[in-house]
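Asks: Take a look at the following structure, please.
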């Protein structure tokens, strides 16, 4: 360094010690900005993961509901074909080769039949109960 440059820095009050302090502050500021950016990114990722988990749960809930309704409809169809039919509908996989199932039971109480349809999709099980009168 030339004497002119050193003297100009000294005249402005900027010594080597002052530069070192400012460089430390710049490093701390940079670390703070990186930390805040990382936390914001993690929060966004966590929100996305939670949202997708909610979508998956709603999807399984709806599938189980539709499968339970399919079981009731299958039982009503069987009763329309043969009004004396009282047999259960065993666990049926839908679609074929899949893991979702539905089943139905029919119980008779006087002149009324109670059909209970059960649908299972993933970890969700839904039940629908319907009361019908045969031959009326």
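The values are calculated or read from the model by the stated rules, or taken from the named source; none is laboratory data. Quick caveat, the model's predicted, so the values are computed rather than measured. No Cβ is skipped: glycine too gets one built from the backbone with ideal geometry, and neighbour counts run over all protein chains shown.
Asks: Using beta carbons and a limit of 9 Å, which pairs, at least six apart or on different chains, have the first residue in the range 73-87 and within 14 Å of residue 130 (Cα to Cα) and the second one assigned to a loop (DSSP other than H, G, I, E, B)?
Replies: Taking only residues 6 or more apart or on different chains, the pairs are 75/85; 75/88; 79/85; 79/86; 79/134.
Asks: Scan the range 109-135 for residues that are in contact with a strand residue (DSSP E or B) (Cβ under 8 Å, 6 or more places away or on another chain), more than 15 Å from residue 68 (Cβ to Cβ) and either modelled with pLDDT of 90 or more or assigned to a strand (DSSP E or B) (or both) and jot them down.
Replies: Within the range 109-135, 112, 113, 131, 132, 133 qualify.
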